1. Using a/c under 1.5 as the rounded threshold, could you call the range 37-139 rounded, prolate or oblate? The axes a ≥ b ≥ c are square roots of the C-alpha gyration tensor eigenvalues, and prolate needs a/b larger than b/c, oblate otherwise.
2. In straight Cα distance, which lysines are under 17 Å from Lys117, not counting same-chain residues fewer than 8 positions off?
3. From the phi angles alone, apply the Karplus equation (6.51, -1.76, 1.60; θ = phi - 60°) to the range 121-133 and give each ³J(HN,Hα) in whole Hz, x where the residue is Gly or Pro.
4. If you rank Thr75, Thr122 by fewest surrounding Cβ atoms within 10 Å, what's the result?
5. Normalised by the residues of the range 42-143, what does the relative contact order come to in percent, with Cα pairs under 8 Å and at least six apart?
6. Among the lysines, select those whose C-alpha is under 25 Å from the C-alpha of Lys108, and discard any that sit fewer than 8 residues away in the same chain.
Amino acid sequence: MPRVQTIEALVCQAESNTTLISIPGCGDISLADNQCIPCKGGVPPVPADRAQALLKELGRGWSLNQAGHLERLYTFNDFTKALAYVNKLGAVAEAEGHHPDFYLAWGKCKVEIWTHKINGLTESDFYMAAKADREFEPFRVGG
């Protein structure tokens, strides 16, 4: 597995396509285990090359839309499950202080994430995207 040195942590690509961060004495944590850091504005968005690298660390299905926001469509067996997912992820978003946009319809929910204060992406946006994937696991169609 390739390793990259970053701020006293080693980042490696795991076989499951989930990025793990190894911090000496702390064990491995995934991108979803990071806490979102509120943006107060006045900071630049992550550079395009860093955004692409973080995008690769997310589960499949995530993309950058025309506005440069993270976006993913989740599918469900019915409206009730899609609504339950929105409520579950909404509670996580509220706890993190990081609020994605939800587009809810029968059997599907599109999640769009970006940092509104800078109209761009921060690393916290990728953390929130990974949390969205984690919350989707119990709802996975066919699973």
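1. Values: a/c = 2.08, a/b = 1.63, b/c = 1.27.
Judged from the Cα gyration tensor, the range 37-139 comes out prolate (a/c at least 1.5, a/b above b/c).
2. Lys40
3. Using θ = phi - 60°, the values come out as 9, 10, 4, 4, 5, 6, 4, 5, 4, 5, 5, 4, 4 Hz.
4. Working: Thr75 15, Thr122 24.
The fewest-first ordering by Cβ neighbours comes to Thr75, Thr122.
5. Values: 134 pairs, mean separation 34.6, N = 102.
For the range 42-143, the relative contact order is 34 percent.
6. Within the straight-line cut-off, Lys108 pairs with Lys56, Lys81, Lys88, Lys131.
No lab work stands behind these numbers, since they all come straight from the coordinates. Everything numeric here is computed off the predicted structure, so don't read it as measured data. We place every Cβ from the backbone using ideal geometry, glycine too, and count neighbours over all the protein chains shown.
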